[in-house]
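Just so you know, all these numbers are worked out from the coordinates, no wet-lab data involved. Since the model is a prediction, treat every value here as computed from it, not as a measurement. So basically every Cβ, Gly included, is an ideal-geometry build from the backbone, and we count neighbours across all protein chains shown.
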Amino acid sequence: MPELTARTARASNPRGTTAMWVRDHLDGLWSDEDSLSWYPRDGCPGLSPAQLATVCVLQFLLNFSDRQAAEAVRCRIDFKYALAMSLDDPGFHHSVLTDFRDRLGQDGRADQLLSLALNRLREAGVIKERGRQRTDSTQILSAARELARLEPVLEAVRAALEEASRDTPHVLGDLVDAEWATRYGRPVRLPAPPSHPATRLKQAGADACRLLQILPPHRRGPQAEALRQIMVQNFLVDTRGVLRPRTEKDGRPKGAVRIISPYDLDARRAIRGNTRWSGYLVHVTETCDAAARVNLITDIATTSPIRDTQALPGIHTRLRDRRLLPAQHLVDGGYISTALLNNSARDDRIQLVGPVKASGAWQKKEQTGFTRDDFTIDFDQRQVTCPNGQTSTTWIEAPAMAPYTVARFTSRQCDPCPDRPACTRGKSARTVNFLPRHLHELQTGNRTDQQDPRWKRLYATRSGIEGTICELVNAHRARRSRYRGHRKTHVQHVLTGIAINIERLASRAHPHNPRGLTAFQLYLDSRDLTWECWW
């Protein structure tokens, strides 16, 4: 640290800033040696990757653009203090940050950066393994505009033409004419509904085929490859050799698979309840120990709009690699399944705390009749007893029903029963499906625990993650991705997560004074009137 930089920063900021806190308390979160494998051995000397990583974190902490972050490095004293730079250091060009984020997006390096920061915090005693953590997810909007069915094809052709004009203009000489200039000379903006959509879609498909034919695979850039993928999803060649648009019967991809824009091939359309969006999901995991003074983010996962249960094994894998596996993991019902409850306890000794979804049978929905829980299952005798004392005659463990076992009753048992309308509405006798013994007992025990007041008090701790989601989305503008593509979006989320951790640790060193009582509250206290509860 240059002496003049330290003296000037202390004189101008006696209490310090968040950037200065990083240097004072953590001596930097990483060093240049941590990223030696990210760079080639030869070539010109580059800027310090540790300094660039710190600038990126401070950039997302303060919601700066690249130009603003580069200007802060040149002009702000606390930035120079955090980076151990002399006061006359001119900094760097703002495009360096773009190149560094591109490097971070390769080979999981963003997750490595988060692991390095958490390892430093664990060494400082701020975070520990086998505590209590919680996870939740929220939607992220893609930076690329969602296009209707005709628009992606037209815009993909135009983008491929732009790319070919820049890289290989000589191949377009015999292809582009006045009609092509009219169709693709400007970005596609169609009215709703567009005129002659079927004809224009066929024309765009024919143009795309001609363009891909003159662009051999070794000359195709990213936009030409995007055009090829969009053509595969939207067109086919029938038995007569004619190119025509796909229909639902021809295997046109659904929303979860279909490409919505040639500029972001990873973003997908998703629906959750009444919420519809095009983009990604981000899963945030943080500590929530009762004795801890600050909760820290331990993992951030950016995924396509998949089910939450599909994201949980990856979260546990990364936490295991960071030696930060929790003893209790609090999640909502979207992350819970009986198989995950069993696998988490068996493989990682994690108690997964969350509500198991109730049965979807009509008896459960209407709160009437006999559900599966009203039947007694004897795994030793391989039989099921109904509430009226009848015993099943068939016990089937068919591979097609795996992992479920099916127990069946006969018509001679069910037809004379006076409670048949409350048990089954079908013409055949009652059947009962259930999981293997260890999973069935685990499922039943979890549903019983959900009625315990102690379980409810423990699970109430999970709601605190909503505040972290709000902080990520509102305070750090993470609802809409800054960049196009899954990798860059994940880099944005990881850097934002590290920034939130630093902000929380720094605020603990300088806690804010709570707001005092208002004049009316003081008046109520003088009259011994209770006002703490909301009516």
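Quick look at the values:
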{"quantity": "Sequence-separation-based contact order of the chain, relative, with Cα cut under 8 Å and 6+ spacing, percent", "calculated": "18 percent"}
{"quantity": "Magnitude of the charge dipole, the chain, Cβ model with Lys/Arg +1 and Asp/Glu -1, debye to 20", "calculated": "1340 debye"}
{"quantity": "Vicinal HN-Hα couplings computed from phi for the range 207-220 (Karplus, 6.51 cos²θ - 1.76 cosθ + 1.60; Hz; Gly/Pro x)", "calculated": "5, 5, 5, 5, 5, 5, 5, 8, 10, x, x, 6, 9, 7"}
{"quantity": "Rg over Rh [alpha-carbon atoms, Kirkwood Rh] for the chain", "calculated": "1.06"}
{"quantity": "Spherically averaged projected area of the range 66-203 from its Cα convex hull (nm²)", "calculated": "16.0 nm²"}
{"quantity": "In range of the label at Leu4: residues from the range 70-99 whose backbone nitrogen is under 20 Å from the point 7 Å along Cα→Cβ", "calculated": "72-92"}
{"quantity": "Positive dipole terminus of the range 399-535, leading residue within Leu442, Ala519, Pro403 (C-beta point charges)", "calculated": "Pro403"}
{"quantity": "Loop GluC sites (Glu not before Pro), the range 170-257 (other Cβ atoms within 10 Å of the site Cβ: 13 or fewer; DSSP)", "calculated": "Glu248"}
{"quantity": "Shape category assigned to the range 422-535 from the gyration tensor of Cα positions, a/c cut at 1.5", "calculated": "oblate"}
{"quantity": "Those lysines that a straight Cα-Cα span of less than 25 Å connects to Lys365, excepting residues fewer than 8 apart in one chain", "calculated": "Lys357, Lys427, Lys456"}
{"quantity": "Peptide ranges 354-366, 204-216, 133-145 listed from the most packed, as the mean C-beta count within 10 angstrom indicates", "calculated": "133-145, 204-216, 354-366"}
{"quantity": "Rule-of-thumb Rg ratio for the range 298-425 [Cα; 2.2 N^0.38 Å; N residues]", "calculated": "1.42"}
{"quantity": "DSSP bridge pairs, the chain: antiparallel proportion in percent, nearest 5", "calculated": "85 percent"}
{"quantity": "Euclidean distance of C-alpha centroids, the range 73-98 and the range 1-50, integer Å", "calculated": "10 Å"}
{"quantity": "Rel. contact order, % - alpha carbon contacts under 8 angstrom, at least six apart, the range 362-449", "calculated": "23 percent"}
{"quantity": "Extension gain, Ser195 back to Arg219 (0.36 nm per residue minus Cα-Cα distance, nm)", "calculated": "5.2 nm"}
{"quantity": "Spherically averaged projected area of the range 3-128 from its Cα convex hull (nm²)", "calculated": "8.5 nm²"}
{"quantity": "Arg508 versus Leu524: modelled label distance in nm, points set 7 Å from Cα along the beta carbon direction", "calculated": "3.3 nm"}
{"quantity": "Separation of the Ser48 and Asn433 label points, Cα + 7 Å toward Cβ, nm", "calculated": "6.1 nm"}
{"quantity": "Overall Cα dimensions of the range 209-341, principal axis frame, Å, largest first", "calculated": "70, 34, 26"}
{"quantity": "Whole-Å semi-axes of the ellipsoid equivalent to the range 345-499 (Cα gyration tensor, √5λ, descending)", "calculated": "45, 18, 17"}
{"quantity": "Relative contact order [Cα under 8 Å, 6+ residues apart], the range 3-128, whole percent", "calculated": "33 percent"}
{"quantity": "Per principal axis, descending, Cα span of the range 362-449 in whole Å", "calculated": "34, 28, 24"}
{"quantity": "Approximate spin-label separation Ala358-Arg420, in nm, with each point projected 7 Å along Cα-to-Cβ", "calculated": "2.8 nm"}
{"quantity": "Under Karplus coefficients 6.51, -1.76 and 1.60, residue-wise ³J(HN,Hα) of the range 71-78 in Hz, glycine/proline x", "calculated": "5, 5, 5, 6, 10, 8, 5, 5"}
{"quantity": "Percent of C-alpha pairs per 10 Å bin, the range 150-245, short to long", "calculated": "15, 51, 29, 4"}
{"quantity": "Mean Cβ neighbour count within 10 Å, used as a protection proxy, ranking 336-342, 461-467 highest first", "calculated": "336-342, 461-467"}
{"quantity": "Length added when fully stretched, Cys209-Ala339, from 0.36 nm per residue minus Cα-Cα", "calculated": "42.1 nm"}
